[in-house]
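Read the figures in this text as sums done on the coordinates, not as results from a lab. Computed from a predicted structure; not experimentally measured. In this analysis, Cβ positions are derived from the backbone assuming ideal geometry, glycine residues included, and neighbour counts consider all displayed protein chains.
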Amino acid sequence: MRDHWQRPGWSPGTRAYYWLLSIMDPAFAEQAAVCQEAVSGMAAFDLISPGDFHATLGWVGVVDDVHEHQLDRLVRLARDDPPHAFPLTAMPLTGSRGALRYSVAPGTPVVDLHRRLVAASAAACLPPMKPSARLRPHIGIGYCNQVLPAGPSEKRSSRSVRFPACTSWSTESISSS
C-alpha cells in the first residue's frame, strides 16, 4: 500500500477544498467501527472518525490558489442545480492503494452529481476536476500513512471483509461547508 498523504506538489501544511458527500448513517458507522478495530493496532492507518465519514466527489483546488469570489460562484452554481435525492448502499469493505474503503452503489447517480460539479467548477474558472469517467465512488474509513505491503492489513481486516453490504440511505440534500 502507498502513503495516502504523499501527493505530488504537497507539503505537510497543504490545505485544499474538496466536494464531499457526508455519510451520517448510524448502521454504517457501527459496521465501519468494527472494521477499523481490526486494523487499529497497526499504526499504519489514520482512521476516520464516525462523524467524518464521506465520499469524496472531487478536488476543487488548493486553498491559497482559490479566490473567495470563485468559491462563492462555485457554491452558488452547485446550489442552483441541485440533484434529486438518490439511494446509496455501502458495499463490503475493500482496499485501495492508499486506503481502506467501501465501494458505493449504484455509482451512476454519484457520477452524474460529479458531472454537475465538474461543470460548475469550470464555470467558476477553477482548475479542472478529474474526468467523471475516472471517478470510483467510495467511502474511506482509514488512510494508509506509510508505504507497506498489503498483506498484513488484508489479513487483519479479512474477518471484516465478510460483512454484507451495509445500510442503504438516501442523499436528501447537498450542501457545502
Expressed in angstrom and ordered largest first, the alpha-carbon extents of the range 103-144 along the principal axes are 32, 25, 13
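If you add up the charges near residue 117, with Lys and Arg at +1 and Asp and Glu at -1, over every other residue whose beta carbon is less than 15 angstrom from its beta carbon, what do you get?
Residues close to residue 117 contribute a combined charge of +4.
Once you have the Cα-Cα distance between residue 85 and residue 111, take 0.36 nm times their residue separation minus that, and quote the gain in nm to one decimal. Intermediate values should be presented prior to the final figure.
Working: separation 26, 0.36 × 26 = 9.36 nm, distance 1.36 nm.
Extending this stretch completely gives an extra 8.0 nm.
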FRET efficiency (residue 150, residue 49; Cβ distance; R0 25 Å; to 0.05) is 0.55
Rounded to whole angstroms and listed largest first, the alpha-carbon spread of the range 33-133 along its three principal axes comes to 44, 33, 24
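Which values, in whole Å and largest first, are the semi-axes of the equivalent ellipsoid of the range 30-70 obtained as the square root of 5 times each eigenvalue of the Cα gyration tensor? If you can, show how the numbers build up before the last one.
On the way: eigenvalues 203, 32, 11 Å².
Calculated on Cα positions only, the semi-axes equal 32, 13, 8 Å.
Once you have the alpha carbon radius of gyration of the range 1-84, what is it after dividing by 2.2 N^0.38 Å, with N set to its residue count? List each step's numbers first, then the result.
Numbers: Rg = 16.4 Å, N = 84, 2.2 N^0.38 = 11.8 Å.
So the range 1-84 has a normalised radius of gyration of 1.38.
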